[in-house]
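Structure first, then comments.
The values are calculated or read from the model by the stated rules, or taken from the named source; none is laboratory data. Just so we're clear, the structure is a prediction, and the values are computed from it rather than from any experiment. Reconstructed Cβ throughout: ideal geometry from the backbone, glycine too, with neighbour counts over all protein chains shown. Side chains included, ligands, DNA and RNA excluded: accessible areas come from the protein's heavy atoms. Shrake-Rupley method; radii C 1.70, N 1.55, O 1.52, S 1.80 Å.
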Amino acid sequence: MDNTNYIALSRQMALWKQMDIISNNMANMNTSGYKQDDVLFTSYLVQTPEAEGIGRAPLYFTQDYGSVQNFAEGVFTTTGNTFDLAIKGDAFFCVDTQGGERYTRKGQFSPDSEGKLVTSEGAVLLSENDTPFFIAPGETEITITESGDVITENGLIGRLKLASFEDNQKLLKVAGTMFENVNGNTMTIGNDDVRVKQGVIEKSNVNAIAEMTKLIKVQRSYEYVQQMIDEEHDRISNTISTYAQLA
């Protein structure tokens, strides 16, 4: 395969990755707490023997080398549900999963069969003491304050563990709305600038119109690159046929 096709295919692979990420964003437009992803591209040079000499240049290839999350707040929507929570400010709910502690902005919780507050996936909401919140069968008056205190008619049962990080971009997305921290990314528990809203959920921060526009542009770019590959294939085929006839 010649250099033209290698370069075109590198561009197509990067565009395919971008289409996949945009499609996933659009599929999660209605997922509360979801944070939009975007792909990072770079171009790199490859020095070849053909690139040496006056008027020659090295080859440029395209590579997607990672993704970046948009951690901007989504729109807050009032639901009135007791265990729907939203965080105003830069922080995450801490939940205990089978894979360890994870962090999320999706604040839709409910008591399980044991009375523990859990996510729809079964992850356990943690207090600052790293213990679950238990709601007794007879407790019906549940108040969650802006500071994260969980109070029933029987008194305070704990404070929400709200985590803030030195660099949110270092967090690894391990599921749709779940993140994992990495070594060296300092985590702080509690933040005076953070407020908890009860009976409220944070919607996805995906902008549907912007994502659709990006998807259309990416599809057009992909088709253009495919057209270039087809034309290059025809050129090579015609050249081979011409030489064969002259031989």
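Only residues that are part of a loop (DSSP other than H, G, I, E, B) and surrounded by 15 or more Cβ atoms within 10 Å (Cβ to Cβ) were counted across region 162-173, and they come to 1. Test S147 against the stated conditions and say whether it is at pLDDT 95 or above, surrounded by 13 or more Cβ atoms within 10 Å (Cβ to Cβ), assigned to a loop (DSSP other than H, G, I, E, B) and out of contact with any strand residue (DSSP E or B) (no Cβ under 8 Å at 6 or more places or on another chain). Taking the combined requirement at face value, the residue does not satisfy it.
The set of residues from region 201-222 being without any contact (Cβ under 8 Å) to a residue 12 or more places away in the chain and among the basic types (K, R) comprises K217, R220. Would you mind stating whether L125 is surrounded by 11 or more Cβ atoms within 10 Å (Cβ to Cβ), among the aliphatic types (A, V, I, L, M), out of contact with any Gly (no Cβ under 6 Å at 6 or more places or on another chain) and at pLDDT 95 or above? So L125 passes the test.
The residues of region 128-144 that are of a type outside the set (A, V, I, L, M) and either open to solvent by 30 Å² or more (accessible area, probe 1.4 Å) or farther than 17 Å from V118 by Cβ (or both), listed by number, are E128, N129, D130, T131, P132, F134, P137, G138, T140, E141, T143.
Taking the residues in region 1-38 that are of a type in the set (A, V, I, L, M, F, W, C) and not in a helix (DSSP H, G or I) as candidates, determine which candidate is modelled with the highest pLDDT. This residue is M29. Out of region 151-161, which residues are assigned to a strand (DSSP E or B), farther than 27 Å from N185 by Cβ and not hydroxyl-bearing (S, T, Y)? Of everything in region 151-161, those that are assigned to a strand (DSSP E or B), farther than 27 Å from N185 by Cβ and not hydroxyl-bearing (S, T, Y) turn out to be I151, G155, L156, I157. When residues in region 83-104 are screened for being touching a Phe, Trp or Tyr at 6+ places or on another chain (Cβ under 9 Å) and open to solvent by 20 Å² or more (accessible area, probe 1.4 Å), 4 of them pass.
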